[in-house]
1. Can you give the net charge of the other residues whose Cβ lies under 12 Å from the Cβ of F456, counting K and R as +1 and D and E as -1?
2. In what order, largest first, do L788, L215 sit by accessible area if the probe radius is 1.4 Å?
3. Give a quick list of chymotrypsin sites (Phe, Trp or Tyr not before Pro) in region 74-150 that DSSP marks as loop, anything other than H, G, I, E or B, with at most 16 other Cβ atoms within 10 Å.
4. Just add up the charged neighbours of G194: K/R +1, D/E -1, any other residue whose Cβ is under 15 Å from the Cβ of G194.
5. List every residue whose amide H lies under 5 Å from the amide H of T246, counting only residues 5 or more places away in sequence or on a different chain, with H placed 1.01 Å from N in the peptide plane.
6. Using Cα centres only, tell me the gap between region 244-269 and region 641-695 in whole Å.
7. In whole angstrom, note down how far apart the Cα centers of region 153-203 and region 425-443 are.
8. Using the Karplus equation 6.51 cos²θ - 1.76 cosθ + 1.60 (θ = phi - 60°), what ³J(HN,Hα) coupling, rounded to whole Hz, does each residue of region 495-507 give in order, writing x for Gly and Pro?
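The values are calculated or read from the model by the stated rules, or taken from the named source; none is laboratory data. It should be emphasised that the depicted structure is a prediction, and the values quoted were computed from it without experimental measurement. Every residue, glycine as well, gets a Cβ built from its backbone with ideal geometry; the counts of neighbours run over all protein chains shown. Accessible surface is based on the protein model in full, side chains and every heavy atom, while ligands, DNA and RNA are left aside. Shrake-Rupley method; radii C 1.70, N 1.55, O 1.52, S 1.80 Å.
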Amino acid sequence: MTTGSKIENQTLVGWSLRVRGTVQGVGFRPTVYKLATSLGIVGRVFNDGEGVLIEAWSTGSTLETFKMEISQNAPPLAKIDSIEHVLIDRAEIPLNFTISETESRSANTQIAADAATCPACLDDIFSPFSRRFRYPFTNCTHCGPRLSIIESIPYDRASTTMAKFTMCPQCQAEYDDPADRRFHAQPNACYVCGPRAWLERSDERVVCLESMTQLDWVDAATTLIQRDEIVAIKGIGGFHLACDATSEQAVSKLRSRKNRYHKPFALMARDLDVVAQYCLLGDAEKKLLQSSEAPIVVLNRKETSPATKQVAQGVAPGQNTLGFMLPYTPLHHLLMKRLNTPIVLTSGNLSQEPQCIANEDAKERLSNVADYFLIHDRDIANRLDDSVIRVVSNRPQYLRRARGATPAPLDLPRGFERAPDVLALGGELKNTFCLLKNSKAIISQHIGDLEDARTFGDYTHNLDLYLKGFQHKTNHIAVDLHPEYLSSKFGRSLAAEKSIELTEVQHHHAHVAACLAENGWSLDSGPVLGVALDGLGFGSDGSFWGGEFLLADYTSFERLGTFKPVALLGGSKAMLEPWRNTYSHILAEMGWPSYLMNYEELELTQFLLSKPLATFDSMLNSKVMSPLASSCGRLFDAVAAAVGICRESASYEGQAAIELESIVDKQALLSETEQLAYPFAIPRLGGKGIPYIEPLAVWQAILGDLYLKASPSVISARFHRGLAKAIVHMINKLCTKDDEIWLNTIVLTGGVFQNRILSELVETSLKFSGYNVLTHHQVPANDGGISLGQALITAAQTLNDKKERQHVSWHTWANS
């Protein structure tokens, strides 16, 4: 595509402008083309492995204006990191401005995330006069699939799963027309030339469209959902399972077939008005729901009017929140058009397995779950779960970072400009991996729990795709210190095979480093106190940690405080059966004879007596399958089971703690006197070791309240307040000397801090006392963020290898 110059040749100056950032697949070249032609500039623009390169000739002042206009008028999905220019010394000057073919070199560019349907495309699919009326794969340069269809970069149609669809003359004309918003939109398509959707029965019998709709297959799926059928729907990054969220029968059927008995289901609603009937919506939540990322947003429930059709109890059992998202593809918008109530839209898999992405695989694996399949023939190159966000302290906080957010890179803090190419392989649960390249961190989408063989296969597939797509020249591999994590074993094997340097990173140190990185904490800014609270991580002393207070920077850490180590009865079984943690805490705090003497009448006691306690006592005495763990997460499990929540079993990680948070009595939390908050002590391990949070008095108070028949919701409120006070007390103990704060910055990290009540209580108290508090907002506080921390620690240690690496020391800093 060309245009003539308005400038006389003798006035022309040539610039080569290098634009780096997320500038491919977002309509960047068409935008540059339009700006250049409007200013009378001649030259060309093209994609390459570095991003976008512009060669432009005009007057110097016009080129300065051009550069400024590019920065100020970038397309909605673009993110410009830098624009640099150098003079072009060339005798031949073009007569016009063109968009040239991609020139591939090394891949140092970025891939755009999938984006929700833009308003203009919505107008197209709902306008009867549009040639894309009700076309479920409508998109343009401002929206639609990106990462989900990319097979390699630079990003062009031939490098995506759209390559097999040849554009019809009309679509090609749009693609070639600089005045059209589909100018160089790589997934451009229509009814004539693009992907198509259709409906199949799981029993393979013939589907009669006329019995369900007078429109099309997508509208037929709407009718099926209204009839309490379960429909497997192929989305942008994988299959979902859908049913009527207000039908107890449909929701119960889905839970039983999917083998997912308690974990909440995600919901989709047609618009904000529908969401507002069921949940409280603040400005931050509305903005998130309507963003191009279109994540699942966890919202607080509200009292609904009698006229509102209620969400089925089985959607989110034991929860006072619901996870809502709005339609983010044309197919979803068409599906939801006639629905005035929410639908369940949960991942298309059996519990613990990865989401299906291929048609035949879905029909095989979901044939006993779904009644019907709404499928299409656009292949999914990369599996993408939905992102999940919750607003905490008026700021978004990721619980899961995936579709719409990845693989958008994070800029590395100051001091990491010369960081080597690091591959960090993450943990075992909620896995992600991370690549460091060109002073940026590229974090993968949420992969899941690697214990499942299919998920591990998905992990290695995605890893191969990222390494090849970004042409990552791995200089260092980082893994978790745990000897049995599959990601760590894989990393050790890969490092040995490729003769690549390996770094083993302590789990909680990685949590702290991840939070520092996303908050822009520079390499030379000194240490912080990292409070890392989670379920479990392998400690540097060979024991299990989970409630840690670490003096840390990027290169090293010192453990200053902890939670009381308590035995995990049966090892990993303690995570699945919360009552084991209750019994273990009772034994650790007061012993069974003393407990029986004082609390024999409790219902909890009768439950515990029904268990083979002698076997567990023998395990403890012989120290078999009963390792000690300073786990804050298991303390939550123990308290939850004591009050009757998830006592017998938990069907997903963190269930007991999540449900304990959900029952908190807000009046007791906000109005009771400080004296009613459960009291923790802070003695020292062995009398001379590091200080630890001791819950003996807490258990005496909880059991006393149970004896007095206090409600579980009041007990939960008093526990949350007491624990928050204890954490703040420990921080003050470690960070002050002679009543002066010597260490001012506190990092709150780990999965436990996804508890909104605890997080806000601790953060508010610390800020009131004058501390600088860093929390997570760009990556999850849970194990989905530790790959970032692993990468930064490895890079920092490598950068400091030429210097004398100094171990961070409490004694040095406290007395400086």
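1. Cβ neighbours under 12 Å give a net charge of -4.
2. Numbers: L788 5, L215 100 Å².
Most to least solvent-accessible, the answer reads L215, L788.
3. Values: sites: F97, F126, F129, F133, F137; in loops: F129, F133, F137.
Passing sites in region 74-150 are F129, F133.
4. Details: positive: R131, R132, R134, R157, K164, R182, R196, K234, R378; negative: D124, E174, D216, D377, D379.
Combined, the nearby Lys, Arg, Asp and Glu give +4.
5. Those lying under 5 Å, H to H, from T246 are A312.
6. Cα centroid to Cα centroid, the span is 30 Å.
7. 32 Å
8. 5, 5, 5, 9, 6, 10, 5, 10, 10, 9, 10, 5, 4
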